[in-house]
Amino acid sequence: MTVNKDRVELFAAALESDRFKQCKGQLKIRSQWPGPTGIAKEFHCALGVATQVALDNGLWEESPWVDVWSRGDLNPAVAEWYGWGGTNPYLGIDLGSGEEENIASANDFGLSFWQIAQAVRAKWLKDEG
């Protein structure tokens with residue numbers, strides 16, 4: 001499967017933006033209490049950001065009946081949208097375990113969205129020479 005670099009760029013840019021607040025262990029968490037602003041807060045893990053970016057950029061048109069939030073990893077339709085071969089892609093980084101880390105483990109280990117975006121860029125968006 002060939003990675004869609006334009007779509008992966010959208011994901012990396014979203015991670016680098018201020019749009020998303022980070023959480024661990026779930027794709028998306030929505031606070032039950034909206035607070036004084038009247039706006040409920042949403043938090044995403046890095047895979048949740050990937051999911052939201054896919055939804056915002058055409059996944060629904062391609063797969064209108066996909067339930068993307070009921071998993072702990074990417075829905076296969078989301079992974080396919082990016083051209084990733086699995087539902088929790090490996091980043092090519094080692095956080096001290098001696099093993100290559102995937103996106104979810106990097107997020108839950110405590111890497112910031114910006115750090116994950118840099119790993120995404122290094123793995124899939126670097127110039128091929």
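The values are calculated or read from the model by the stated rules, or taken from the named source; none is laboratory data. Computed from a predicted structure; not experimentally measured. Reconstructed Cβ throughout: ideal geometry from the backbone, glycine too, with neighbour counts over all protein chains shown.
Among the residues making up segment 89-107, those that are more than 15 Å from A14 (Cα to Cα), surrounded by 17 or more Cβ atoms within 10 Å (Cβ to Cβ) and not hydroxyl-bearing (S, T, Y) are P89, L91, I93, E101, N102, A104, A106. So, in segment 64-87, of the ones that are polar (S, T, N, Q) and buried (at least 17 other Cβ atoms within 10 Å of the Cβ), which residue ends up modelled with the lowest pLDDT? That would be N75.
G83: in contact (Cβ under 8 Å) with a residue 60 or more places away in the chain and out of contact with any strand residue (DSSP E or B) (no Cβ under 7 Å at 6 or more places or on another chain), yes or no? In short, yes. Picking from residues in segment 17-28 that are farther than 18 Å from V68 by Cβ and surrounded by fewer than 17 Cβ atoms within 10 Å (Cβ to Cβ), the one that is modelled with the lowest pLDDT is D18.
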